[in-house]
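Single-structure report; data block below.
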Amino acid sequence: MTGNIFDINNIFFTIGGQGISFLEFFAVLTGLSCVFLASRGKVANFWIGYLYNILLFMMFMQKNLYSSMLIQPISLIINLFGHYRWTHPRENEKDGKSLLKITLLTGRQRIIILCQVAIFAFFWGLLLSKLNVYWPDLFPMARQPYLDAFVTVMILLAQLLSAQKKLDCWAIWFIVNTTNGILYIKAGLAFMPIVACGYLILAFFGFRMWRKKWIDEK
């Protein structure tokens, strides 16, 4: 491996006949570490998450996945919000360790949120599909703009729910990681679909651990 280690074309190793860059590999390690810590309710997950946002921004920019790239600054803000919410809960929101306790969305909240996601994902996908039309010199043709937009919006929703310690966040992460596998395959990220399976496993155990804690705190 020579040159810029953060160039996605700079191959670190190969798997399944396709090269894996250092950037992609390091992003995977930070992402899995972040989810692992979050599944156990560890505040340290936010510190890893900040680095993860930066690495993803660089990787998606080089892969022309503009929705996923442009949303990283927003994701970073959500991480900051979650970091504060977890460590500065109101008196009636504290768990046994004086951190934010786990709660559930109401049925009405779920319906409203899903409708908002559908509308926003459609218009975001439409915008992505037009970037190359209006700024061809700046943006090459986007890959799978509507799928990219859907995944991006769902990721933000999952992060917002995680930031508020809503048990529902794990259901969204299940959808995200399944859809992400498809998106990564279409984008030529050979390693990431395998990693998406790792995220699914972590999400399953995260749900079980959060649910147990939620029941204990009721």
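Descriptive notes on the structure:
- Across the range 41-84, the number of residues qualifying as small (G, A, S), closer than 30 Å to K213 by Cα and assigned to a helix (DSSP H, G or I) comes to 3.
- Some residue of the range 158-173 being under 18 Å from A27 (Cβ atoms), touching a helix residue (DSSP H, G or I) at 6+ places or on another chain (Cβ under 9 Å) and either modelled with pLDDT under 90 or among the small types (G, A, S) (or both): yes
- Test: residue in the range 86-105 that is part of a helix (DSSP H, G or I) and at pLDDT below 80: no
- When each of G181, G198 is tested for being in a helix (DSSP H, G or I), surrounded by fewer than 17 Cβ atoms within 10 Å (Cβ to Cβ), of a type outside the set (D, E) and modelled with pLDDT of 75 or more, the lone residue that passes is G198.
- The criterion of being surrounded by 17 or more Cβ atoms within 10 Å (Cβ to Cβ), small (G, A, S) and at pLDDT 80 or above does not hold for A118.
- Of the residues screened, A203 is one that is in a helix (DSSP H, G or I), in contact (Cβ under 8 Å) with a residue 12 or more places away in the chain and over 20 Å from C115 (Cα atoms).
- Looking across the range 184-218, the residues that are aliphatic (A, V, I, L, M) and out of contact with any Ser or Thr (no Cβ under 8 Å at 6 or more places or on another chain) come down to I185, A187, L189, A190, M192, I194, V195, I201, I215.
- No other residue among Q62, Q109 is at pLDDT 85 or above and not basic (K, R) apart from Q109.
- Qualifying residues in the range 37-96 (those that are among the hydroxyl-bearing types (S, T, Y) and in contact (Cβ under 8 Å) with a residue 40 or more places away in the chain) - the one farthest from S21 (Cα to Cα): T87
The values are calculated or read from the model by the stated rules, or taken from the named source; none is laboratory data. Note that the structure is a prediction, hence the values are computed from the model and not measured. Every residue, glycine as well, gets a Cβ built from its backbone with ideal geometry; the counts of neighbours run over all protein chains shown.
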